[in-house]
Amino acid sequence: MGKKSKYPAYTTGNIVVNGNTVATTTKNKNGVSSSYNMSDTEKDIYNSIQKGLSTSLSNLFEISDEKQQQWNSELDAYKRKGLQQLDSIYTPMETNLKNDIASRFGNFDNSVFMDNLTKITNNKAQAVADFNDDLLTKESELYSSEMTNRINYITLLSNLNSIMNNNILNYASAAIGNSESGNNYNHQSYTASNQNALNWYNAGLNTISTVGNLGLSFKK
């Protein structure tokens, strides 16, 4: 029988882009493994994304003193502007009322003045109360806006992370596919080679058998 060929060694799989090997599939004692070879730029981007996600998630609900001071400054400015606007509305009303009453009655000790002044005062008090509610809403909006911006940033980093990981998996899968193709070819070649050897062996046996039978016939 012909000598049986040795089973071929494991074929590695590689993906090469622009002359650079970006993904490799190899076999070791623990099995088959695939690796992606990041460029220095990719490493920097990947590490920055991981660091950004870690920091952002850890500090998601933490409000720094600096951020709180910034909000307080914005709220104080908003409050001053709002109160100034209210004063610009109601102070002239009070002044006009006093001037009108003084010109008509010569003094403020009358029911017309007191009734109108009470109406203005009540309206102003209600406007101030409404503004205080608006101030609380403004404060809530500052917090909500900050949380929205943080979550949007985390979402952006998460999407970038997914894109990079998917890219890595795609290249690794391609390397695995190349390796499988090579090993399938080697297996088929090995099987065909051994089958050919077996065929030659059987053909040899048939030849020997035929010759032997012819020899017996001549002897007769």
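Please treat every number below as a calculation from the coordinates, not as lab data. This one's a predicted model, so the numbers in the text were calculated from it and none came from an experiment.
Got a sec to turn the phi values of segment 77-92 into Karplus ³J(HN,Hα) couplings, 6.51 cos²θ - 1.76 cosθ + 1.60 with θ = phi - 60°, whole Hz, x for Gly and Pro?
Rounded to whole hertz, the list is 5, 5, 5, 4, 5, x, 5, 5, 5, 5, 4, 5, 8, 8, 4, x.
Hey, could you pull the Cα Rg and Dmax for segment 62-140, both in Å?
18.2, 62
For segment 132-147, what does the Karplus curve 6.51 cos²θ - 1.76 cosθ + 1.60, with θ = phi - 60°, yield as ³J(HN,Hα) per residue in whole Hz, taken in order and with x for Gly and Pro?
4, 5, 5, 5, 5, 5, 4, 4, 5, 5, 4, 5, 4, 5, 5, 5
Rounded, prolate or oblate for segment 26-168? Axes are the square roots of the Cα gyration tensor eigenvalues, ordered a ≥ b ≥ c, and the cut-off for rounded is a/c under 1.5. Let's see the in-between values first.
Numbers: a/c = 6.42, a/b = 5.82, b/c = 1.10.
Verdict is prolate for segment 26-168.
What is segment 96-161 by shape, rounded, prolate or oblate, if you read a ≥ b ≥ c off the alpha carbon gyration tensor as root eigenvalues and call it rounded for a/c under 1.5, prolate for a/b larger than b/c, and oblate otherwise?
Numbers: a/c = 11.14, a/b = 5.97, b/c = 1.87.
Prolate, since a/c reaches 1.5 and a/b exceeds b/c.
Take the alpha carbon atoms of segment 124-178, find their radius of gyration, then divide it by 2.2 N^0.38 Å using N residues; give the quotient. List each step's numbers first, then the result.
Values: Rg = 23.6 Å, N = 55, 2.2 N^0.38 = 10.1 Å.
Relative to the rule-of-thumb radius for its length, segment 124-178 sits at 2.34.
Using the structure shown, list the pairs from LYS79/LYS119; LYS81/LYS138; LYS27/LYS51; LYS29/LYS51; LYS51/LYS138 with a Cα-Cα distance above 22 Å, or answer none. Spell out each step's value before the answer.
Numbers: LYS79/LYS119 24 Å; LYS81/LYS138 13 Å; LYS27/LYS51 32 Å; LYS29/LYS51 34 Å; LYS51/LYS138 32 Å.
Over 22 Å apart, Cα to Cα: LYS79/LYS119; LYS27/LYS51; LYS29/LYS51; LYS51/LYS138.
What does the C-alpha gyration tensor say about the overall shape of segment 5-102? Classify as rounded when a/c is under 1.5, otherwise prolate if a/b is larger than b/c, or oblate.
Here segment 5-102 falls in the prolate category.
By how many nm would the segment from SER88 to SER144 lengthen if fully extended, with 0.36 nm per residue of separation less the alpha-carbon distance? Each step should come with its number before you reach the end.
Details: separation 56, 0.36 × 56 = 20.16 nm, distance 3.11 nm.
Working it through step by step, the gained length comes to 17.0 nm.
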